[in-house]
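This report concerns only the one structure given below.
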Amino acid sequence: MSTASAGGVPVEVHNPNGALRVVVTKALPGDRWLKVLTAAGCRVEVSADPDTILSNAKIRALIGDKCNGVIGQLTEDWGAELFGALKAAGGRAYSNYAVGYNNVKVPEATNVGIPVGNTPGVLTETTAELALALTFAAARRVVEGDEFMRGGHYKGWLPTLFVGNLLQNKTVGIIGAGRIGTAYARMMVEGHKCDLVYYDPYPNQWLEDYVRDYGKLLASKGERAVTVRRCDTVEEVLRQADVVSLHCNLDDQTRHLINAERLNQMKPDAVLVNAARGPVIDEAALVAHLQANPNFRAGLDVFEDEPEMKPGLAQCKNAVIVPHIASATLWTRAGMATLAACNVAATLSGHPVWNKPDVLPFVDGPFEQIPKAAPSIVNAKELGLQMA
Ligand code: DGY
C-alpha cells in the first residue's frame, strides 16, 4: 500500500498497476473486499480524508477524470451531481456500503446507465440483535443504572431502584416485516414468548406460520401459546403493543410515520425502538412525548438529522441512544465490504446479477468459489441487466 493525493484528497493506493480505477470513500473492515477488487484488475484508492462525512466536492475530486467504479457511504448524497461526475470519468459501477439506499437517487444513476449495488443479507441478525439490545436497555433502564453506578450514587439495594418493565409474555409490534423485522420478531417471540402484531403492506405468511407453529409447540409443552396478527393499520399495532420496533424503509410513505398523534396512541409505558432510519420518527415530537411521559421509553440507533439530535433528546433519561451501530459487528461490516466490492468488480467484469437472498457464498465460502456475479443491484431490472 502507498499513499497519494486524488485531486487534493489523500488516498491509500492498493494494486497501483490495476487497469481499472476504483475509489472507496471510506476505509472498510476486513481484507477479502480488497482481494476481490485487485483480483478483478482494479487499482483501489481509499480516501484517507479526515472528514467523517465527505462533501460532494471532495467526492468529485476523488473521482477525478478517470474512475471506473465507486464504493460510497450512506452518509453521502449520491444523485445527479455525483453520478454525472462518475459517468464523465468513465464510471460503470457504484455500490453503497449499506443495505439501505435512501441516500441514493437511483433514477439519476439509471439515467446515466450506472448500476447501483447494495449489501443485503449480512445485516439481518446483527441489526435485529442491536434492536433487541435497545429494547431491553430501554425497558430495564440499563443506561440509567450504569450512569448511576459510575456516578458513585449506589448506596445499597432498594425495592424501588430503577424499576422497569417485564417484557416476557407481552405484545411486540413490528412495523415492516422484511428480513430484519422478521429476525427481531422471532427473537422476541421465541426468546420472550411475546405475542406478535405487525403492520406491513405485504403479508408475511412465512412469519405468521412460524409463530403459529411455535405457539403449538409451546402449547404441547403445557405453556401459553403465542399468537400473531397482521394489522390493517399502523395505529392498531401502536395501540396494542408493549414494544414497537421499526423496520421499514425510509420513503415518502414512511417519513414521520411515527408522529405526535401516533405516539399518543401508544401505551404510556411502551418502548419504541428505531434501528431503521431516523426520519421515520418525527424526532421533535418524540422528545416532547418522552418529556411528558416519563414511563415511555425509546431505544434509538438512528436520528432524523444525523449526526445531530433534536434539542432535548440528549437530556431524556428515558431514551437509550447509540450512534447508528446496528450493523456494527465485524462479520457483518466485513461482509458488507465484500458484497460492495463484488457488486463493483462483477459489474466492471461484465458478470450477471445474483439478486438472490442467500449471499453467504460471497462472504463465507472459499475465495476461489465466490460466484461470478454482482450480489445485489437495485436497478438491475431498469437497466436490463442479465440475471445469474
Ligand atoms: C444500512 O446498511 O442501511 C445500515 O443502516 C448500516 O448500518
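The values are calculated or read from the model by the stated rules, or taken from the named source; none is laboratory data. The structure displayed is predicted, hence computed values, not measured ones. As a convention, Cβ positions derive from the backbone with ideal geometry for all residues, glycine included, and neighbour counts pool all protein chains shown.
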- Query: If we only count helices (runs of 4 or more DSSP H) wholly inside segment 246-365, which ones have 2 or more residues that are within 13 Å of the ligand (Cβ to nearest atom) and in contact (Cβ under 8 Å) with a residue 40 or more places away in the chain?
  - Reply: 330-348
- Query: If we keep just the residues of segment 171-181 that are over 13 Å from the mean Cα position of the chain (by Cα) and more than 11 Å from N204 (Cβ to Cβ), which is surrounded by the fewest Cβ atoms within 10 Å (Cβ to Cβ)?
  - Reply: T171
- Message: Return the residues of segment 75-108 that are within 16 Å of the ligand (Cβ to nearest atom) and in a strand (DSSP E or B); say none if nothing qualifies.
- Response: W78, Y94, S95, N96, V104
- Message: Taking the criterion of being of a type in the set (D, E, K, R) and buried (at least 22 other Cβ atoms within 10 Å of the Cβ), would at least one residue in segment 46-65 satisfy it?
- Response: no
- Out of all the residues in segment 336-356, is one or more over 20 Å from P115 (Cα atoms) and at pLDDT below 95? no
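Listed here are the residues, each with its yes/no results for (1) in a loop (DSSP other than H, G, I, E, B); (2) surrounded by fewer than 16 Cβ atoms within 10 Å (Cβ to Cβ).
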{"site": "G156", "(1), (2)": "yes, yes"}
{"site": "G164", "(1), (2)": "yes, no"}
{"site": "Q168", "(1), (2)": "yes, yes"}
{"site": "A183", "(1), (2)": "no, no"}
{"site": "E190", "(1), (2)": "no, yes"}
{"site": "P203", "(1), (2)": "yes, yes"}
{"site": "Y210", "(1), (2)": "no, no"}
{"site": "K216", "(1), (2)": "no, yes"}
- Message: Residues to consider are E368, E382; find the one that is of a type in the set (D, E, K, R), in a helix (DSSP H, G or I) and more than 30 Å from A292 (Cα to Cα).
- Response: E368
- Which pairs have Cβ atoms under 9 Å, sit 6 or more apart or on different chains, and link a residue in segment 178-192 that is closer than 14 Å to T135 by Cα and β-branched (V, I, T) to one that is outside any helix (DSSP H, G or I) and at pLDDT 95 or above? V189/V172; V189/D195; V189/L196; V189/V226; V189/V228
- Task: Out of V36, V44, report the one residue that is assigned to a strand (DSSP E or B), under 17 Å from V344 (Cα atoms) and under 28 Å from the mean Cα position of the chain (by Cα).
- Result: V44
- Counting only residues that are over 21 Å from the mean Cα position of the chain (by Cα) and buried (at least 19 other Cβ atoms within 10 Å of the Cβ), which one in segment 109-139 is nearest to the ligand (Cβ to nearest atom)? A109
